[in-house]
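These notes concern the structure reproduced below.
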Amino acid sequence: MDQPIVDGPIIGRTTSESTPWWPEPVLPAAGTPNIVVVLLDDTGFAHLGCYGGPVDTPNYDRLAARGLRYTNFHTTALCSPTRACLLTGRNHHSVGMRALSNFDTGFPNMRGRIARSAGTLAEILREDGFATWAIGKWHLTPMREASAVGPFGDWPLQRGFDRYYGFMQGETDQFHPELYEDNHLVDVPQTPAEGYHVTEDLVDHAIDLVRTQHTMVPERPFFLYLAFGATHAPHQAPDAYLEKWRGRFDEGWDVVRQQVYERQLDMGVIPPGTELAPRNPGVEAWEDLSTDERDVACRLQEAFAAMLDHTDTQLGRLLDSLDELGITDDTVIVALSDNGASQEGRAHGVLDTFRHFNGINQPLDEAMDRLDAIGTRTSNTNYPWGWAQVGNTPGKRYKQNTHGGGVRDPLIVSWPNGIHQDASGGIRTQFHHVIDLAPTILELVGSAPPDAIGGVVQQPIEGTSLAYTFDAKAVDADAVPTRKESQYFEMQGHRALWHDGWKAVAYHRHGTALDDDVWELYHLDEDFSECHDLADGHPERLAGMVDRFWEEAERYDVLPIMDDAGDLGGSRPLFAGHSTPGTPKNRDEFTYLPPTPRVPPDAGPAFGSRNWTMRFEVERPDGEEAGVLLAVGTVNNGLVAYVDQRGHLIYDHNAYGNHTVLRSLSPIPTGSSVLEIHQDRVRQGPGRARLVVDGTQVGEKSIPEIPTMISPVGLDVGRNPTGVSSDYEPPFAFQGRIHRVDIATRRAFRAEDEAAIELAAAERMQ
């Protein structure tokens with residue numbers, strides 16, 4: 001006789017009259033692989049060695065040798081949107097992440113957070129028994145919500161990850177990162193002098209999580225999302241790596257790009273007959289540069305190469321750890337980049353990325369004076385357009401653009417137990433997009449996207465699994481057609497549509513109407529690098545593809561598309577966002593009561609774009625207490641108020657390493673004092689600072705240059721771990737007592753003027 005199915009305990013008067021029951025643990029089926037996603041930032045199609053690149057990447061090459069390289073893989077052209085697609089399997093507009101998470105435009109396609117109706121891989125896999133960890137760059141939370149008090153609804157732990165360690169902002173100083181662990185900010189564990197670099201720290205945490213999990217609960221597979229800060233600017237690396245690459249790019253970007261192109265042809269990374277796209281607009285011939293311009297450009301490229309080389313070494317440590325634990329064969333590793341190489345270094349490169357964000361070119365004489373600092377903790381560099389185009393070989397344009405240079409990216413998939421050894425080292429040419437990775441991973445582990453998560457009905461998955469490309473039985477992998485039907489692209493008004501091997505694409509010039517854009521047409525199956533515009537010869541095909549783009553745009557919530565052609569006074573820009581009531585950006589006054597955790601930039605006062613007054617109520621019982629009162633930024637760009645060892649009040653305004661220092665004529669009094677610093681500025685120009693002690697002005701000085709955007713590192717009260725000034729040893733904590741800090745900001749311009757400045761900065765902040 002069949003036993004009845006028991007789905008709970010039977011409770012009697014005593015245990016002898018009762019039957020216990022235990023629920024089955026939620027665990028994936030035996031043999032389910034671990035998942036590791038390794039995400040690079042701003043790394044172009046042609047940067048990795050296994051894609052013909054100019055940088056040694058033996059560990060990425062190691063993955064490619066035992067897995068598959070995809071040469072027709074695409075992203076969104078920008079970081080936050082690609083991450084949203086990667087983690088949800090939906091298009092970025094569909095989930096509310098049209099651009100960066102720093103902005104909320106008031107429209108569904110740009111909320112700065114992933115919609116709750118689009119559950120992440122972590123939310124799905126955790127419910128199916130996976131351990132889930134996020135390490136590194138997040139950039140999927142509205143930055144105004146990244147402070148110590150949140151709200152935390154869109155932090156990693158609230159979007160399905162069990163553990164988190166990394167940085168929330170779009171970029172960070174590699175030697176002085178703004179670090180978070182789980183739901184709180186943490187101090188950097190070492191100083192640069194002690195050998196600290198954030199990439200090593202991230203991989204240390206990843207290895208520790210993997211080893212601990214495998215030791216304690218090996219039955220439970222894990223999902224590790226490892227998002228490096230590299231190779232997003234600032235390009236910074238340990239000295240040994242900088243020295244290794246010294247002189248390696250002296251031939252210049254034209255020669256190196258040709259060499260990369262020829263390697264790609266030899267390796268089969270690009271199809272035979274592919275042409276090398278012409279130089280992008282604004283990229284000068286190497287031979288036309290001055291000697292000084294070449295010297296600076298080479299050093300900047302060397303810093304990039306050193307950073308990628310260093311990152312590859314850290315990836316190798318993780319791969320070695322998987323090997324030592326004996327779990328490599330059972331682990332799917334997906335390695336990719338989030339967009340093409342960056343154009344944010346401007347025509348000749350920058351020694352501080354915030355020059356670009358503030359719309360300021362790098363003075364060549366200053367760069368030459370600081371040549372040996374490039375790539376170190378005292379620089380914050382990005383390379384020129386010419387080197388960026390090398391990274392996007394053989395294509396045209398860059399990150400932010402929907403031409404190949406912005407959206408075609410490397411993708412490597414390694415899974416020894418799932419990809420037949422006969423296919424190892426192979427190349428796959430089927431068209432795919434970053435939204436296809438989530439459904440691929442779910443298929444590989446046997447998970448189905450749920451109908452609802454947390455009571456919220458879920459949007460359909462919009463991607464197409466590429467697991468079919470793993471099939472080793474195909475005699476010719478290229479003979480297997482892609483299962484993708486079409487894919488739209490849109491970024492800041494740049495648009496494109498891929499369909500059936502053809503691509504229509506429009507480059508949008510900011511400040512113009514969308515209808516003024518010129519659509520180009522390329523047969524990608526025959527023209528990998530988009531060199532031959534066939535629009536004139538195929539007007540009907542182009543018209544049909546443009547019509548299809550608008551259909552896709554309506555289907556996937558792409559509308560409204562950014563169009564900043566209107567009068568700023570008459571219609572609010574769609575990119576710069578909104579000073580949402582109840583958020584710090586909407587406030588003019590701030591009070592901090594120490595001890596105060598670090599305040600991220602978007603959650604604190606707008607020191608760069610407004611006039612302001614800092615007021616400190618301090619106590620120095622013995623008259624010898626010194627230290628930092630308040631600091632923002634790093635040694636590369638920032639501001640700091642402190643009391644020096646002689647008791648003088650000092651304000652140091654650091655603009656790209658150019659210091660304006662204002663010092664009180666005499667020491668401040670012993671005991672209780674009220675110290676004030678006032679700074680006023682004119683629009684995008686110079687300013688003036690004043691020191692006031694107990695109501696009496698004790699110093700005044702002009703400041704020649706005030707950046708609107710200062711740093712990805714925020715505000716510290718009572719200490720300065722990042723060392724804005726070199727006149728003290730960080731963190732130089734204040735030895736007296738700071739009772740309170742009051743900061744009042746005053747908007748220096750008309751509302752439409754401030755909106756224009758914010759819009760200009762936002763457009764550069766990609």
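Things worth noting here:
- Any hit, segment 135-142, residues being touching a residue at least 40 places away in the same chain (Cβ under 8 Å) and in contact with a Cys (Cβ under 9 Å, 6 or more places away or on another chain): yes
- Those residues of segment 212-246 which are more than 27 Å from the chain's Cα centre (by Cα) and free of Cβ contacts under 8 Å to residues at least 12 places away in the same chain, in sequence order: Thr212, Thr215, Met216, Pro218
- Counted residues, segment 708-743 - those being among the β-branched types (Val, Ile, Thr) and under 22 Å from Tyr180 (Cα atoms): 5
- Members of segment 330-345 found to be outside any strand (DSSP E or B), among the small types (Gly, Ala, Ser) and more than 14 Å from the chain's Cα centre (by Cα), listed by number: Gly345
- Considering only residues in segment 110-145 that are charged (D, E, K, R) and in a loop (DSSP other than H, G, I, E, B), the one that is nearest to the chain's Cα centre (by Cα) turns out to be Arg113.
- Meets criteria (in a helix (DSSP H, G or I) and more than 28 Å from Gln158 (Cα to Cα)) for Gly405: yes
- Subset of segment 346-395 [of a type in the set (Phe, Trp, Tyr) and not in a helix (DSSP H, G or I)]: Tyr383
- Qualifying residue in segment 425-434 (condition: within 19 Å of Glu127 (Cβ to Cβ), surrounded by fewer than 16 Cβ atoms within 10 Å (Cβ to Cβ) and outside the structural domain of Gly501 (by TED's automatic domain parsing)): no
- Number of the exception - Ala148 against (1) part of a strand (DSSP E or B); (2) within 20 Å of Thr722 (Cβ to Cβ): (1)
- Residue within segment 94-105 that is surrounded by 23 or more Cβ atoms within 10 Å (Cβ to Cβ), under 30 Å from Val26 (Cβ atoms) and of a type in the set (Ser, Thr, Tyr) present: yes
- The residue of segment 614-652 that is surrounded by the fewest Cβ atoms within 10 Å (Cβ to Cβ), among those that are among the aliphatic types (A, V, I, L, M) and more than 30 Å from Ala373 (Cα to Cα), is Met614.
- The residues of segment 434-464 that are part of a helix (DSSP H, G or I) and not hydroxyl-bearing (Ser, Thr, Tyr), listed by number, are Val434, Ile435, Asp436, Leu437, Ala438, Pro439, Ile441, Leu442, Glu443, Leu444, Val445.
To keep it simple, each residue is scored yes or no on (1) in contact (Cβ under 8 Å) with a residue 12 or more places away in the chain; (2) over 19 Å from His403 (Cα atoms); (3) touching a His at 6+ places or on another chain (Cβ under 7 Å).
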site	(1), (2), (3)
Ile427	yes, yes, no
His433	yes, no, yes
Glu443	yes, yes, no
Gly446	yes, yes, no
Pro450	yes, yes, no
Ile461	yes, yes, no
Thr469	yes, yes, no
Pro481	yes, yes, no
Tyr488	yes, no, no
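- Complete set of residues in segment 57-91 that are closer than 26 Å to Thr393 by Cβ and part of a loop (DSSP other than H, G, I, E, B): Thr57, Arg66, Thr71, Asn72, Thr75, Thr76, Ala77, Leu78
- Selection count, segment 5-56, where residues are β-branched (Val, Ile, Thr), part of a loop (DSSP other than H, G, I, E, B) and in contact (Cβ under 8 Å) with a residue 60 or more places away in the chain: 4
- Residue-level analysis places Thr71 among those that are surrounded by fewer than 24 Cβ atoms within 10 Å (Cβ to Cβ) and at pLDDT 95 or above.
- In this structure, Thr76 does satisfy being polar (S, T, N, Q) and closer than 15 Å to Asp409 by Cα.
- Hits in segment 106-122 - residues which are buried (at least 19 other Cβ atoms within 10 Å of the Cβ) and among the hydroxyl-bearing types (Ser, Thr, Tyr): Thr120
The values are calculated or read from the model by the stated rules, or taken from the named source; none is laboratory data. Since this is a predicted model, take the numbers as computed values, not measurements. Neighbour counts run over all protein chains shown; Cβ positions are idealised from the backbone, glycine included.
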